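For reference, the structure discussed in these notes is given below.
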Amino acid sequence: MKKSTILALAALVLGVAASTAFAAKDRLIVADQYDVTSMDPIGHNDVPSSRCCFELYDTLIFRDNQNVVTPGLAESWEFVSPTEIKFVLRKGVKFHNGEELKAEDVAFTLMRATTDKGAKIRSYSQDVKDVKVLDDYSFVIELKAPNSSFFNSLTHSWASILNKKAVEAAGDNYGTLAAPPVGTGPFKFLSWQKNDKYELERFDGFWGEAPKYQYLEVRSIPEANNRTIELETKGVDIAFPIAVNDLNRVKDNPELVLQQVPAVNVTYLGFDTVKAPFDNVVVRRAVNAAIDSIGMHKVVYEKLGKNGSVPRAIVPAGLPYSIANDQPEHVQDQELAKKLLAESGIDLNKTYQIWTNERKERQDMAQIIQGMLAEVGMKTEIKVLEWGAYLNGLQEKNHDMFILGWSTSVPDPNFAMSGLLETNAGSNYTFFSNAAFDAAMDKGRKTLDGPERAAVYKEAQEILLDQCPQVYLHSDDNCVGTQKYVKGFEVGANDTYNFRTVYFED
């Protein structure tokens, strides 16, 4: 046999072997920055938990990275009136416990979200009045008033459909280690080691296209460098977020792929607006004037590229009715900051806390802000907390200032502001309460898309710029690293990623 023929056959055999090896890979390993806080869809309002819920559960409708709505558990829907939406469910959909999905499960799920158990996601469920079951596979959602934002919100994890029987049996323990979750999603619960990892297993009774792999393992790795090392050494298949200092390491590695997409989120410095001295808007404006957010962005995010920016309004520029592009760039004014602090009567002998979590960029920003505030006479100390403890501490009002992010998971201006800043919102860690703002938000939901709705949301954003419950610091890119053999994974502006479609190929 000719040498060339032997080599060709060898290459063919090796190629088949490699393809077979990837086909046999049965576990997708993901490195996330944080652990989930709850597997109950209404027991949280944080992105890592939402990611988990999107694998365990399904929603009535889905939305892709191009914001196109497609059928989910519902095969069709009809807007019966301005306050009523009729849905027809797919037949034969099974929960992980073998029960068939019925309209009664949907009614139970959505009405449960309107109770005190749903406090963290109230901005999504607050206008649900009733869910009327017509038969086993059809029902009508009745709203308290017309709501232009509601339908799209059904793509959010808050509307993940639960099995009534499983939830009632679990009681208050549902979604915890004591009572694991039961959904209709492509993966079922396997294990959860808190602050370490959770594991899901493919559900063979899934109604849709089955995942190409058997197990999904998501590890929580807070340290950015460690996530990148795990990616480089093939300890994980997908890692996020990739820190700005590590972008080139991933980009220049021929074995890896970097996906970088502008996100619809805002990183901000928030104040506890009900506690002195930050209950005084003059103090909040002084801190805003003291911070050189543009300069800080260049220092902390210099490697991020042109897509990173300092937001000029809370509604990201890519969303409808944002006024961000109409606002001037933020300009540091230390003399104004000193003047406002003097007017406010703040005690500059006290030391005020800046809270943040383990994310490196946020710690870097906290240190820079600390230095800038020192230059105008404010003494601060930085407190870094683990993710779960951080969120719990914010809810308990133990902070002065804090750095956090908000992702607009539903592409509507209502959800860029409502859950974050309305008086009773579950993620309102500033505890900001402003009657004019609340009224504008309520009116915006009830107003059809058009000039009137634009004017209402313009007013709401201007109130926030004036009252300054937050200082806008950064708008992220979603930066995700993957092994080059990972296919079918697409990063969009929304950072609740979809692992269902992943497969492995050399």
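Only the coordinates and a few stated rules stand behind these numbers; no lab work does. No experiment lies behind these values; they were computed from the predicted model shown. Don't worry about glycine lacking a Cβ; one is built from the backbone with ideal geometry, like all the others, and counts go over all protein chains shown.
Translational diffusion of segment 13-130 was estimated from the Stokes-Einstein equation, with Rh taken as the Kirkwood radius over Cα pairs; at 25 °C and 0.890 mPa s the coefficient is 141 µm²/s.
Within the chain, antiparallel bridges make up roughly 75 percent of the DSSP beta bridges whose residues both belong there. Rg and Dmax over the alpha-carbon atoms of the chain stand at 24.2, 93 Å. In summary, the helical segments of the chain meeting the span-like criteria, namely a full DSSP H run, a Cα extent along the axis of 20 angstrom or more and a mean Kyte-Doolittle hydropathy of at least 0.0, are 3-24.
Considering all different alpha carbon pairs of segment 271-375, the Kirkwood hydrodynamic radius works out to 15.3 Å. Return P(r) of segment 265-475 (all Cα-Cα pairs; 10 Å bins starting at 0; whole %; ordered from short to long distances). Calculated P(r), rounded to whole percents: 8, 36, 38, 16, 2, 0. Only helical DSSP H runs with n ≥ 4 go in: add -39500 (n - 2.57) per run for the chain, normalise by residue count and round the 222 nm mean residue ellipticity to 500 deg cm²/dmol. Mean residue ellipticity at 222 nm (helix-derived): -9500 deg cm²/dmol. Cβ-to-Cβ counts within 10 Å put C468, C53, C479 in ascending order as C468, C479, C53, the fewest first.
The convex hull drawn around the Cα atoms of segment 375-456, when projected onto a plane and averaged over every direction, covers 7.7 nm².
Among the listed pairs K165/K188; K132/K446; K117/K397, give every one whose C-alpha distance is greater than 18 Å. Among K165/K188; K132/K446; K117/K397, the Cα-Cα distance tops 18 Å for K132/K446; K117/K397.
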